Structures are given as structure tokens and as C-alpha cells.
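Everything on this sheet refers to the single structure shown next.
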């Protein structure tokens, strides 16, 4: 069989044939690929969020939180805590120590406790069962705890500078 008669069986036609089988036009296969646009918000992590991630043993997640806006970081951490019970217990113990030491907790941490409670109160699909009654009581106590403000906030380990960044 001649080379011309072999036609599509020639090894030189394989790339074009494989693209045609996949339904990809030849011209689009050679087009440069654009990278996805970076998010417009985020990029600076709330320091209280970083301190909390370190306190619960998840410091490597700080990079993920750079893609989450400051206003959404407390609910995002609450969602993480709901799905990782060990981290939830570490968070509660850390905040209870802070509350015992200074008598207050930072507002951001209080918000995290409130979001955890609201997730358990109205669980979306895929949410694990609520933890024990003692853990839920601790969360309620943290949510009702006095909140640090101004110089007290910094002494308690709260956000430093404008906007908690």
C-alpha cells in the first residue's frame, strides 16, 4: 500500500486525527492558554485569623485565607471548624484560656464562635452532627463572652492596627 493510499494511517496525521476525534478544531489547539484571573479581594490575611490557625495547629491554611476577603474569613474558619472536630476543640480551649487570662476575647474570635453555632443551628447538607453538649455549651459561653476593644484587644491577642490587618 502506498503512502498516499494509507492516508490517515500515516503517523504524521495522528495529532490532527486525535484532535478531530475529540472535537477540537486544529486552530484552537495551537492557541495560547490564558491563566485564570486572580481574585480582586483578599490577599491580606487578618492577623487574628493567622493566630487562630496557628493556635489550632493549621498554620499552612493561612495561604488559603489570602483568597478569602476579611469579612468572609470568620465564617470560612467556622466552616472549617465544623468539619474538623479536633480543630474545633483546640479553638475552644485556646479561647477559654484567653478568656480566663484577660476576661475578654477578640471580636473576630467571638464571631467565629457565633458562626459555628449558626451552622449547627441551620446545618447545610454535608454538615456533621453537632458535637457533645459540653462543646456546644462552651461555644455558647464564648459567643456570650465580653469582647475586647482598643488596648484590651491587643493585650488579649486581638487584631493590631487598622482593620485587624
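Readers should treat all values here as calculations from the given coordinates under stated rules, not as data from a laboratory. Please read these numbers as outputs of a predicted model, since none were measured by experiment. Heads up, the Cβs are rebuilt from the backbone with ideal geometry, glycines too, and the neighbour counts pull from every protein chain shown.
Summary of values
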| item | result |
| --- | --- |
| Difference of contour (0.36 nm per residue) and Cα-Cα distance, residue 62 to residue 127 | 21.1 nm |
| Cβ crowding within 10 Å averaged over residues, with 106-112, 59-65 ranked highest first | 106-112, 59-65 |
| Order of 92, 105 under a 10 Å beta carbon neighbour criterion, fewest first | 92, 105 |
| Cβ crowding within 10 Å averaged over residues, with 49-55, 96-102, 68-74 ranked highest first | 49-55, 68-74, 96-102 |
| Nitroxide proxy distance, nm - points 7 Å out along Cα→Cβ at residue 147 and residue 83 | 2.7 nm |
